[in-house]
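A.B. asks: Below is the structure I would like to discuss, written out as structure tokens.
Readers should treat all values here as calculations from the given coordinates under stated rules, not as data from a laboratory. The structure displayed is predicted, hence computed values, not measured ones. Here the Cβ positions follow ideal geometry from the backbone for every residue, glycine too, while neighbour counts run over all protein chains shown.
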Amino acid sequence: MSQKDKIPYGVSTIHTPFAQVYLHGTKADLMIGELLLPGYNSNFGKQDKAKYIYFTATLDPAVWGAELAGGDKKQRIYLVEPTGPIEDDPNLTNQKYKGNASMSYRSMHPLKIVGEVTIWDSHKPEQIKFMKEEIAKLEAQGIGIIE
């Protein structure tokens, strides 16, 4: 009998470090089990309602998402699970870097919150200030960051 056959019905296995993890940085105060939905105002660009919800498989872009999100609530990074098809984020893919080095994605379907990363390092204040200034320059030129 295999190890898999010994697991009682209804008991799930423990996630391994090799399972794919997705992250979403924000300032929204949400609970495990809630859904992050597309259709809300984007944190970037002209604040238009976003057709997609954006997420990543690496920590640094999630940290940027939390740090650059609008509002004054606590910065959070949620572990999320896509509920539908995903695609590479075309705002990053093949534009600045070949391929999808940041492992950034988007979906037109909700993301289910399955956990939260509670310990992570912020970027230095001068890095955040620089990034916000660069985003403001692009907006002033009429260049939207989010598709």
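A.B. asks: Can you list residues whose amide H is under 5 Å from H109's amide H, if they're 5+ apart or on another chain and H is modeled 1.01 Å from N?
C.D. replies: Answer set, sorted by chain and number: I53.
A.B. asks: Okay, moving on. Which value in nm describes the separation of the simple spin-label points at K98 and S122, placed 7 Å from the Cα toward the beta carbon?
C.D. replies: 3.7 nm
A.B. asks: What FRET efficiency comes out for the pair E133/E34, r = Cβ-Cβ distance, R0 = 25 Å, nearest 0.05?
C.D. replies: My answer for the efficiency is 0.15.
A.B. asks: Long-range amide H contacts for T83: which residues qualify at under 5 Å (H placed 1.01 Å from N, peptide plane, sequence gap of 5 or more or a different chain)?
C.D. replies: Answer set, sorted by chain and number: K112.
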